[in-house]
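A short write-up of the structure that comes next.
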């Protein structure tokens, strides 16, 4: 890289790579969240990246609320997590599926929750990147309705609160028995 001020530290943690530039941490996950430190270059401070990346408290709270919402479908929690103007994106049968927040909220209210159906709760944060004081990205994995889902959540801090402003989702596999 040549610039002494900009150093790169790579940390291999199973299938995740942690890069730190000027104190900013980005976690990039390439598949499953099997996290065991494998690089001799890792420092003790970086090993704190165990199963869940270290998140600021307010973003961790949003992530916890998101997982609670997806499992229990409590609409009070929905209104804390998704900004009213947020949009969800996915590809279904080869077609781009775009859902405004209100449409997604109605669909969620009309179905039984994974908790009601007896689905086990398995969820994890696969990646986190805080781009600025007001923008961040979370990559989440959860199981619901027999599938393993991965979601990219674009977050914005507005009026002192973190919100999901956009979500991209994809079913990446089947739930374990």
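The values are calculated or read from the model by the stated rules, or taken from the named source; none is laboratory data. Not measured: the values here are computed from a predicted model. Heads up, the Cβs are rebuilt from the backbone with ideal geometry, glycines too, and the neighbour counts pull from every protein chain shown.
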- Task: Give just the number: which of (1) surrounded by fewer than 16 Cβ atoms within 10 Å (Cβ to Cβ); (2) at negative phi does residue 159 not satisfy?
- Result: (2)
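Out of 74, 64, which single residue is touching a helix residue (DSSP H, G or I) at 6+ places or on another chain (Cβ under 8 Å), surrounded by 14 or more Cβ atoms within 10 Å (Cβ to Cβ) and over 14 Å from residue 167 (Cβ atoms)? Give the derivation first.
Numbers: 64 fails: touching a helix residue (DSSP H, G or I) at 6+ places or on another chain (Cβ under 8 Å).
Sole residue among the options that is touching a helix residue (DSSP H, G or I) at 6+ places or on another chain (Cβ under 8 Å), surrounded by 14 or more Cβ atoms within 10 Å (Cβ to Cβ) and over 14 Å from residue 167 (Cβ atoms): 74.
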- Query: Does the range 80-100 include one or more residues that are farther than 29 Å from residue 54 by Cβ and surrounded by 17 or more Cβ atoms within 10 Å (Cβ to Cβ)?
  - Reply: yes
- Query: Does any residue of the range 114-135 turn out to be touching a strand residue (DSSP E or B) at 6+ places or on another chain (Cβ under 8 Å), farther than 27 Å from residue 54 by Cβ and surrounded by fewer than 16 Cβ atoms within 10 Å (Cβ to Cβ)?
  - Reply: no
- Looking only at residues in the range 81-95 that are free of Cβ contacts under 8 Å to residues at least 24 places away in the same chain and not in a loop (DSSP other than H, G, I, E, B), which one is farthest from the chain's Cα centre (by Cα)? 95
- Within the range 96-117, is there a residue that is assigned by TED's automatic domain parsing to the domain that holds residue 164, modelled with pLDDT of 95 or more, in a strand (DSSP E or B) and more than 19 Å from residue 150 (Cβ to Cβ)? yes
- Message: Quick check on the range 120-177: of everything there that is within 16 Å of the chain's Cα centre (by Cα) and outside any strand (DSSP E or B), which residue is farthest from residue 105 (Cα to Cα)?
- Response: 131
- Message: Which condition from (1) buried (at least 17 other Cβ atoms within 10 Å of the Cβ); (2) in contact (Cβ under 8 Å) with a residue 40 or more places away in the chain is the one that residue 143 breaks?
- Response: (2)
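Does the range 31-43 include one or more residues that are part of a strand (DSSP E or B), under 22 Å from residue 165 (Cβ atoms) and either modelled with pLDDT of 95 or more or not assigned by TED's automatic domain parsing to the domain that holds residue 155 (or both)? Even if it seems obvious, please write down each step before you answer.
The first filter runs over the range 31-43 and keeps only residues part of a strand (DSSP E or B), leaving 37.
Checking the rest, the ones that are also under 22 Å from residue 165 (Cβ atoms) come to none.
Within the range 31-43, none of the residues are part of a strand (DSSP E or B), under 22 Å from residue 165 (Cβ atoms) and either modelled with pLDDT of 95 or more or not assigned by TED's automatic domain parsing to the domain that holds residue 155 (or both).
Does residue 171 satisfy being farther than 18 Å from residue 72 by Cβ and touching a strand residue (DSSP E or B) at 6+ places or on another chain (Cβ under 7 Å)? Reasoning before the result, please.
Working: farther than 18 Å from residue 72 by Cβ: yes; touching a strand residue (DSSP E or B) at 6+ places or on another chain (Cβ under 7 Å): yes.
Here the answer is yes, as residue 171 does meet what is asked.
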